[in-house]
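Colleague: Dropping a structure here in structure tokens format, bear with me for questions.
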Amino acid sequence: MTAKKQQSPIDPRQPALRDHGVFDAEISYKAPTLSEFVRLLAWAIPHRQQALYSLILVLFASFLAILLPVIVSRVIIDGLLIQDATLTMPDLGMSSLVASISDRLGLSVLASALLLYGILTLVCHSAYHLHRITLARTVMFALRDLRLALFSHIERLPSTFFDKVAVGRVMTRVTNDVQALFDMLMGIGMLIGEFVPFLIALGLMLAISAELTGYLLIAIPVFAVLTYFFRMATRIVYRQIRTSVSQLNQNLQENLSGIQVVQLSNRERRNLATYQAINDRNQRQEITAVSMETGYGAFMDNMVNMALAAILWIGGGEVIQAQISLGSLILFTQFVDMFIRPIRVLGQQYNVIFRAMASAERIFQALDWDEQLHEPTHPLPLPPRFRGKVEFRDLSFGYEPGLPVIKHFSLTIAPGEKVAIVGPTGSGKSTLIRLLSRSYDFNRNSIFIDDLDLTDLSSDAVRDRIGVVLQDFHIFAGTVLENIQLGDPRISRAAAEQAAAWVNADQFINALPEGFDTLLNERGQNLSQGQRQLLAFARVLVRDPEILILDEATASIDTETEQTIQTALQQLTRGRTSILIAHRLQTIQEADRIVVLKRGELKEVGSHEALMASRGIYYTLNQLQFQTLETLS
Amino acid sequence: MTIKSTLRRLWPYIQQHALPFWGGMAGLLIARLFEAAIPFLMKQGIDALASPDTPSLNEISNTLGPIALIIVLCVTAQIVVTIFSRILIRRTGVIVAADMRHKLYDHLQKQGPIFFAQYPVGDLMARAINDITRVRELIAGTSRTTMVLIFTATVGLSFMTLLSWQLTLAVMLPAPLITYFAHVYAQRIYLASQRTQEGFADLSTFVQQNLNGIRTVQAMAQEHREIEKFASRNQAFADDNIALFKDSSAIGAIMPVIAAISTMIIIGYGSHLYQAGTISLGTFTAFFSYLALLLWPIREAGSIVTQWQRGASGTARVFEILDHPPEIVDQPNPTHPKLTGSIEFKQVSYRFPNKDQYAIEALSFSVPAGKTLAVVGRVGSGKSTLLRLLVRMLEPEQGEILLDQTPIRAYPLPYLRKNVCLVLQDPFLFADSLGGNIAYDDPDRSQEAILTSAQAAALNSTIEAFPEGLDTVLGERGVTLSGGQKQRAALARGIIRMSPLLILDDCFSAVDTETEEHILTELKLLRAGLTTLMVSNRVSTARHADEILVLDEGKQVAFGTHEVLMTQQGLYRDLAHAQQMTEEGPQ
């Protein structure tokens, strides 16, 4: 179920070819298979006690539910009102129970019957209530476990997975797909609650009149077949509706996202026509579905009435012939409802089950996805502190086989050195730092930290010692303080505040309504680009990593903040090995060495002055690319 | 929105389909009559059976036969009428929803940037999907249920009173209790279900944010902490669900218990009346059926209020958008002359809503037809605002913008935007083919024209690299282009239109300078005699223009050719020097 740790590392030069496209495939309807169903039910095993309570309660409640109409029909109508004692029809001992209550409490038979009726009703519905709650608990807890397992699994998938699969596709598996199972599992649980009275009612009805019951039983396959054909027919329409609805939504979403282009291209009328065509199609499909649903629904609703007419017609004769008592006939009519309900419920569950099984398949597919980073079987112990020497030794890497992104890259960075990496988009800068932070698998003997082969170290341990500031600062749900501490108990509040002060983030933080305790909204929209950058610095600085990796943000920042950030950056890089993907002139100029990368190859290394003097790529890049506007004035 | 004002707003939409809607409502009333007649007929049958002078089998059959036949007919009539009426009403709901969706789409396309800044796409999507569904439910479900409720109660009570008014009164005693509980629980369930919906949204947002930042999460080794946070949300969501389920299960248990009180009244008081000879056995049993019939409307009466509230809030949210007037409205008597693309700004000022500072202040300049103007300035200097004023995405607060000596307001909006083409800084591409994206304004454009503009935008090598060429599908389900490729595709989309005035809003930011040079040269050739306006941060780009406008804080600080501006002290020369400086090394 969970990914097993790979024991023998596969040659990472040939990454296993996986078809991530399966995550894009839209499975929306699927016939249930026993194995998947069993696998699903297995999640309820830890909560089997609740499930057992639920089952016992429903059996108990169903039995009482059967007794109630028996009291009315047999005890009151047959026994009291028409005093028909000639026939010995089944009454499940209710007559004698009422008689004994009447004896003991000295009440009239009618009063005793009413008392019994009242008590049984109360107990019966309380039991049903508890049955539903225990059932909901069982299902909800099982799904909670499943959802957590799924999230934990996805959370640990490697970068290669997230490079290929869109976030939205994975997200809906954790949210919507798990939720879709709730309806199905509750429905199945409730169905048990419907079938128990069905069986008891069937037994009792057979005892009253096998002939009448026989007629009713003929009706069941007829309804079942009708239901089946109806569901087959609606399935097609619903599939069409799902398609047209998602087309409507996609069209609108895209149109709104690109509304400026739409308006500037004068496409409004054309787009409206396209939308309306889908809208019309959707409307026709909806009307078809509504008509079918309504017809079927009304038919099923009235099955009870039709059965009643038949019973009166046939059963009436039997009463005359004194084969059954009038009370029993009335009882019979009351049971008809219990008899027909499960069939209706089953019909309603049909679509739910098919849709839910598709969800189940999507969930298991994600849960079974065993892509992972190759960790060493016996990771080497890390020194208490790295000196910070980083060495790339003839490093070659590609995300896809045959498409190298980094080619024969060699570079040694001395402890405490500050290196800026520059190069055009797609030159492999980001890949280089991703490899160093151990987000991907790569060849042995390629990257060394303090002369230790990176592939011999555990990735978690390495990441703990390397501070990474990515372009896009990710805000975790929580306060400013929590975003700096990240739940690390070793980091005190004072340390976090101190780190924020070092990078000059304290000024804006203290200006926030609740200072360090201000809740950041999830995308950090209440922070400016520059403020987020400073916060990211503080987060890394407080951990005091031996090696710093920074992917500088490219976004435009106002001059004042720019200056603050540069000062903070100097703080941050002081005394530690720093590798900076630089976009700003000042950052580059302050580096000890500049590495020029082009198409994955190291082209030039040296100080700013040396590189400018050699008039190579760096010189050209510098001339053309760096936007000096923002650093000016 | 109150229920009354909701109805008033929806009235015109419903009245467009008045015949099916009200016909359906009338049908529902008739169906209720048939339905309520069934227990009445059953009573006749049972009375015949229970009659003390045991008649012969033949006599009974003669009595029961027609009754059973009439019951069958009533059931059939009830089914048929119900089906047709329900379909008529639900159909109206579907059609009104489709009408509204169409109207909303049309209306949204007329809105400007201020509107879209106020309403994020997600919010608008929610209104178009969920709130229109609520309107549909209101028309097809809630209003129908309300009517059925009233009909059933009226018809059912009438039949019961006809049979025995004493027993009817007695049976109805617990009714207020039922309505009370139903109302209380409907509120509780509504709130609880809102809480679970929020919980679900919370969970979804958390997962989405987490996955969006998964690189950071993993780089900072935060997986276990994120899982813990998820677990607590997950637990809260499960608890909320169970709480909701408890409430709905509780009302499901309370209702039959209260109904049992009515049943006990029928048993106790009914059998007393029977023994007293006031009612027949058939009446006695018929009351059980009527009770079952009435139980539903009494129970629903409580939740119907909540349903109306929900429908009203959905309706209000849809109309909030539909009532929002478009920012830009065409003037009457618009003109359609052939345009050459000369521009003149006369003391133009613009301020964003709720801002004190001007984004553009008293700006005056002109560009003769066929010339190229570069606009240079810092971030926030008003460059983008200026461009948006030209295509009337924004309307100036003061002053006038002339295109071919005519105020741009005099042109119909589609005509203006046909002649003035703005290429945005952020290149938005549609999930369509590459060719379809380039020929976005007119899908009937020839392959040749597409390739020519792609060539000018230096996109030809990109196209050649794709096996499917121009037919390559972009977006989530297709190929993802790099930032530079996207920008060039957006550029090609603008170039292809050969509009008298082309405006480029910093369209080379993700394009390397070599390619930029190539594109600018191509543009010069292609657009000879046409007017071009471009925003840039680079002096090397601006140098290509005939004249340069330097903006700072919304004001014009310099205007002239590159050569002239270089002789003057100011922002432009500083800028040029700064760029020069980096060419020669620091200091």
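Bear in mind these aren't lab numbers, they're just calculated from the coordinates by the rules spelled out. Computed from a predicted model, the values in this text were never measured in an experiment. Neighbour counts run over all protein chains shown; Cβ positions are idealised from the backbone, glycine included.
Colleague: Take the alpha-carbon centre of segment B:293-364, take the same for segment A:213-270, and report the distance between them in whole Å.
Modeller: 30 Å
Colleague: Further question on the same structure: Could you line up A:Asp450, A:Asp103, A:Asp460 from fewest to most neighbouring Cβ atoms inside 10 Å? Kindly include the intermediate steps, with their values, before the conclusion.
Modeller: Values: A:Asp450 17, A:Asp103 11, A:Asp460 14.
The most exposed by this proxy come first: A:Asp103, A:Asp460, A:Asp450.
Colleague: Divide the volume of the convex hull of the Cα atoms of segment A:33-367 by its number of residues and quote the answer in cubic angstrom per residue.
Modeller: In segment A:33-367, the Cα convex hull volume per residue is 177 Å³.
Colleague: Just rank A:Glu293, A:Glu514, fewest to most, by other beta-carbon atoms within 10 angstrom.
Modeller: Lowest count first: A:Glu514, A:Glu293.
Colleague: What percent of all Cα-Cα pairs in chain A falls in each 10 Å bin, counting up from 0?
Modeller: The distribution over chain A is 3, 11, 15, 17, 15, 12, 9, 7, 6, 3, 1, 0, 0, given as percents.
Colleague: Which links in A:Lys598/B:Lys418; B:Lys4/B:Lys103; A:Lys407/B:Lys486; A:Lys164/A:Lys389; A:Lys164/B:Lys383; B:Lys346/B:Lys371 stretch past 30 Å when you go from one Cα to the other? Mind dumping the intermediate values first?
Modeller: Details: A:Lys598/B:Lys418 42 Å; B:Lys4/B:Lys103 22 Å; A:Lys407/B:Lys486 27 Å; A:Lys164/A:Lys389 33 Å; A:Lys164/B:Lys383 38 Å; B:Lys346/B:Lys371 19 Å.
Over 30 Å apart, Cα to Cα: A:Lys598/B:Lys418; A:Lys164/A:Lys389; A:Lys164/B:Lys383.
Colleague: Can you put B:Leu504, A:Leu548, A:Leu67 in order, fewest other beta carbons within 10 Å first?
Modeller: A:Leu67, A:Leu548, B:Leu504
Colleague: Can you work out the Karplus-derived ³J(HN,Hα) for every residue in segment A:586-603? Use 6.51 cos²θ - 1.76 cosθ + 1.60 with θ = phi - 60°, whole Hz, and x for glycine or proline.
Modeller: These are the phi-based 3J(HN,Hα) values: 4, 4, 5, 5, 7, 6, 5, 9, 10, 10, 9, 10, 9, 6, x, 10, 6, 9 Hz.
Colleague: Hey, another quick one. Please compute the modelled spin-label separation between A:Ile220 and B:Glu228, points set 7 Å along Cα→Cβ, answer in nm with one decimal.
Modeller: 5.5 nm
Colleague: Moving to a separate point now. Enumerate the amide H contacts of A:Gly478 below 5 Å, restricted to partners 5 or more residues apart or on another chain; note that Pro and chain-start residues carry no placed amide H.
Modeller: A:Leu520
Colleague: If every alpha-carbon in segment B:117-178 counts as one equal scatterer, what log10 I(q)/I(0) does Debye give at q = 0.16, 0.29 1/Å?
Modeller: Once normalised to I(0) and log-transformed, intensities are -0.69, -1.10.
Colleague: Right, another one. How much net charge surrounds B:Ile3 when only other residues with a Cβ under 13 Å from its Cβ are counted (Lys, Arg +1; Asp, Glu -1)?
Modeller: +4
Colleague: What is the mean projected area of the alpha carbon convex hull for segment B:1-163, to one decimal in square nanometres? Let's see the in-between values first.
Modeller: Working: hull surface 51.6 nm².
The Cα convex hull of segment B:1-163, projected and averaged over all directions, gives 12.9 nm².
Colleague: Further, regarding this structure: Please sort by residue number the trypsin sites (Lys or Arg not before Pro) in segment A:350-441 whose DSSP state is loop and whose Cβ has at most 15 other Cβ atoms within 10 Å.
Modeller: A:Arg385, A:Arg387
Colleague: Still on this structure, I have one more. Cα-Cα pairs above 32 Å in segment A:390-624: how many percent?
Modeller: Cα-Cα pairs in segment A:390-624 separated by more than 32 Å: 22 percent.
Colleague: Quick one: which residues, 5+ away or cross-chain, put their amide H under 5 Å from the amide H of A:Val468? H built at 1.01 Å from N.
Modeller: Amide H to amide H, under 5 Å and 5 or more residues apart or across chains, A:Val468 pairs with A:Ile549.
Colleague: Please turn the phi angles of segment A:223-236 into ³J(HN,Hα) values with the Karplus equation 6.51 cos²θ - 1.76 cosθ + 1.60 (θ = phi - 60°), one per residue in order, whole Hz, x for glycine and proline.
Modeller: Values, residue by residue: 5, 4, 5, 4, 4, 4, 5, 4, 5, 4, 5, 5, 3, 5 Hz.
Colleague: If I histogram all Cα-Cα distances within segment A:431-554 using bins 5 Å wide from 0, what percent of pairs lands in each bin?
Modeller: Pair shares across the bins are 2, 11, 20, 22, 16, 12, 9, 5, 2, 1, 0.
Colleague: In addition: As an exercise, take the mean of 1/r over every pair of distinct alpha carbons in the protein assembly as shown, invert it, and state the Kirkwood radius in angstroms.
Modeller: The answer is 36.0 Å.
Colleague: From the phi angles alone, apply the Karplus equation (6.51, -1.76, 1.60; θ = phi - 60°) to segment A:260-277 and give each ³J(HN,Hα) in whole Hz, x where the residue is Gly or Pro.
Modeller: Running phi through 6.51 cos²θ - 1.76 cosθ + 1.60 with θ = phi - 60° gives 5, 5, 4, 5, 6, 9, 6, 9, 3, 5, 5, 5, 4, 5, 4, 4, 5, 4 Hz.
Colleague: Still on this structure, please answer the following. Run through all the Cα pairs of chain B and give the fraction in each 10 Å bin from 0, expressed as whole percent.
Modeller: 3, 12, 16, 16, 14, 12, 9, 7, 6, 3, 1, 0, 0
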